[in-house]
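First the structure, in the form of structure tokens, and then the observations on it.
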Amino acid sequence: MKKHIPNTITCLNLISGCIATYWAFQGEYKLALLFIVIGAVFDFFDGMSARLLHVSSPIGKELDSLADDITFGFAPSAIVFCKLQEFFPLSYVFPDKWIPFLAFVMAAFSALRLAKFNLDERQALGFIGLPTPANALFWGSLIVGCGDWLTAQPHAAWIVLAGVFVSCYLLVSEIPMFALKFKTWGWKGNETKFIFLMTCIPLLLLLGVSGLAAVIAWYVILSLVDNSHRKK
């Protein structure tokens, strides 16, 4: 019986992603973000339960990738798609009406990132490229927290599109990014992680929901700075 627990939790992640996608298409971005967060919680606990129960399996690994691409690939792409439709309604003439569909490129790159992760043995203590949950939370919180501001900007659509392609690059890039895993609790060797954790709370308190997008952006910046220092 216990061997089915992780897969059940993974399916709850997938269902959360489906619900998030539904709300995205309804223009209810807050609810879409909420279910992405719920999916992220299930994603955390399915791996933890598999380790605690010692019941990991190839099927569970494949199911986890499928669920993650729905929740952290397709759902945020749907949010961006619907936001872009506000700039390029489907009633517009060709080619403008097709521009919002470019958002779904991000779902494809998320799937590619997940496939690479399953085969990459270098990511036990860190990540190579931007994790899909981080990318999903960035876009969900950005649209929820800054959606009205974006709508008022004359060139916001092109900024969002540029951001989509930057995300696609980061997802499959060879850029090492730190994970919040600690071998020891001392400052030495964990400087970047502690700095990140200490700055997250002020960003969230000052910026609210959009602070989550700022936290993800800050995570990428700190990873780049950390890599630069390690190469010296």
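The values are calculated or read from the model by the stated rules, or taken from the named source; none is laboratory data. It should be emphasised that the depicted structure is a prediction, and the values quoted were computed from it without experimental measurement. Cβ atoms come from the backbone with ideal geometry, glycine included; neighbour counts cover every protein chain shown. Please note that ligands, DNA and RNA were not included when accessible areas were found on the heavy atoms of the full protein model with its side chains. Shrake-Rupley method; radii C 1.70, N 1.55, O 1.52, S 1.80 Å.
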Report summary line: With -39,500 (n - 2.57) per DSSP H segment of 4 or more residues and division by the full residue count of the chain, the 222 nm estimate, nearest 500 deg cm²/dmol, is -23500 deg cm²/dmol
Report task. Could I have the simple spin-label model distance between residue 59 and residue 98, label points 7 Å from Cα toward Cβ, reported in nm to one decimal? Result -> 4.2
Requested in this report: For segment 68-81, take each phi angle, set θ = phi - 60°, evaluate the Karplus expression 6.51 cos²θ - 1.76 cosθ + 1.60, and give the result in whole Hz per residue in order, putting x for glycine and proline.
Outcome: 5, 5, 5, 6, 10, x, 6, 4, x, 5, 5, 4, 5, 4
Query - the chain, Cα convex hull volume normalised per residue, Å³ - result: 138
Query raised in the report: In square nanometres, what is one fourth of the surface area of the convex hull spanned by the alpha carbons of segment 181-232?
Result: 3.9
Query - By accessible area with a 1.4 Å probe, ligands and nucleic acids excluded, highest first: order of 18, 200 - result: 18, 200
Query raised in the report: In degrees between 0 and 90, to the nearest 10, how far off the longest principal axis of the chain does helix 5-25 point, with axes built from Cα atoms?
Result: 20
Report task. Determine the alpha carbon to alpha carbon distance for each of 30/97; 97/193; 83/188; 30/116 and list only those over 32 Å. Result -> 97/193; 83/188
Requested in this report: Would you please classify the overall shape of segment 94-157 from the alpha carbon gyration tensor, given that a ≥ b ≥ c denote the square roots of the eigenvalues, rounded means a/c under 1.5, and beyond that prolate means a/b larger than b/c while oblate covers the rest?
Outcome: oblate
Query - In Å², nearest 10: area of residue 38 left accessible to a 1.4 Å probe - result: 50
Query - Percent of Cα pairs exceeding the 15 Å cut-off, where the set is segment 1-83 - result: 51
Report task. Find how much the distance from residue 66 to residue 148 grows on full extension, using 0.36 nm per residue of separation minus their present alpha carbon separation; answer in nm with one decimal. Result -> 26.3 nm
Query raised in the report: In nm, to one decimal, how far is the residue 187 label point from the residue 115 one, both placed 7 Å along Cα→Cβ?
Result: 4.6
**Report entry** nm² value of the averaged projected area, convex hull over the Cα atoms of segment 95-232
**Finding:** 10.0
Query - Cα→Cβ-extended label distance, 7 Å offset, between residue 207 and residue 174, nm - result: 3.0
Requested in this report: Note down the accessible area of residue 22, probe 1.4 Å, to the nearest 10 Å².
Outcome: 120
Query - Heavy-atom SASA rank of 148, 226 (probe 1.4 Å, accessible area, largest first) - result: 148, 226
Report task. Please give the length that would be gained between residue 108 and residue 51 if that part of the chain were fully extended, namely 0.36 nm times their separation in residues minus their C-alpha to C-alpha distance (nm, one decimal). Result -> 17.7 nm
Report task. Using the heavy atoms of the protein chains and a 1.4 angstrom probe, tell me the accessible area per residue for segment 149-201 in square angstrom. Result -> 62
